[in-house]
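K.L.:
One structure, as structure tokens, below. Some questions next.
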């Protein structure tokens, strides 16, 4: 998977008012932490941050080059805070990774292909699970997991977590019985089917006394 890069400088400014002043200068405060390292307060250029965050997923790795440090930190975005109204990034938390230690992250579920049940029978495809929790070494992390819905050939069929074959080196932590996608009847057809069923039940009830007398 592609590794993004991000430049940072050490940050000496802390505290609410001083940090707000940084943001007015198009600077985004952040922190880098991880197993075996002391947390490092840093700051980023807001434009570079916006670009990196828009390209990265929750499991995409990023090389963070901190001014004054020889080697970059391989990290993932652990928490991205946005302004309530403007929706621009106002703070970043990044976790530095150890290439020999597994990491647990959420990844997006992307539905691919076309369901014959939808194409041929007018069913509705429901995307029931948007994220999966995975565990992997940093080198095996993936930005998303694709699920092929072309196996859904009949209305009522579904795909569960247990049906997914994860990429090499990736372990899915969700319960196997969780539904990922399912095809259901279109609402009109569903209502019609329910009406037919209800009418049939009424007719059976009405006929029952005559049958019992016979």
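Please treat every number below as a calculation from the coordinates, not as lab data. These figures come from a predicted structure and were not determined experimentally. Neighbour counts are summed over all protein chains in view; Cβ atoms, including those assigned to glycine, are modelled from backbone coordinates with ideal geometry.
K.L.:
How many Å³ per residue does the convex hull of the Cα positions in the stretch 95-135 occupy?
P.N.:
For the stretch 95-135, the hull spanned by Cα atoms encloses 83 Å³ per residue.
K.L.:
Turning to a different aspect of this structure: Quick check on the stretch 1-84: take the gyration tensor over C-alpha atoms, sort the square-rooted eigenvalues as a ≥ b ≥ c, and tell me if it's rounded (a/c under 1.5), prolate or oblate.
P.N.:
Judged from the Cα gyration tensor, the stretch 1-84 comes out oblate (a/c at least 1.5, b/c at or above a/b).
K.L.:
Below 8 Å, C-alpha to C-alpha, sequence gap of six or more: please give me the relative contact order for the stretch 88-193 in percent.
P.N.:
For the stretch 88-193, the relative contact order is 32 percent.
K.L.:
While we're here: Quick check on the stretch 132-183: take the gyration tensor over C-alpha atoms, sort the square-rooted eigenvalues as a ≥ b ≥ c, and tell me if it's rounded (a/c under 1.5), prolate or oblate. Walk me through the numbers on the way to the answer.
P.N.:
Details: a/c = 3.32, a/b = 2.13, b/c = 1.56.
In terms of gyration-tensor shape, prolate.
K.L.:
Going by a ≥ b ≥ c, the root eigenvalues of the Cα gyration tensor, does the stretch 104-190 fall in the rounded group (a/c under 1.5), the prolate group (a/b larger than b/c) or the oblate group? Let's see the in-between values first.
P.N.:
Working: a/c = 2.93, a/b = 2.46, b/c = 1.19.
Prolate.
K.L.:
Now for a separate question. Spin-label point model (7 Å from Cα, Cβ direction): what's the residue 163 to residue 100 distance in nm?
P.N.:
4.1
K.L.:
Sticking with this structure for a sec: Listed highest first by mean packing, meaning other Cβ atoms within 10 Å per residue, what order do 65-73, 37-45 come in?
P.N.:
Per-residue Cβ counts within 10 Å, averaged per peptide and sorted highest first, yield 37-45, 65-73.
K.L.:
Given contacts defined as C-alpha pairs under 8 Å and at least six residues apart, what's the relative contact order of the stretch 4-98, whole-number percent?
P.N.:
Result for the stretch 4-98 is 32 percent.
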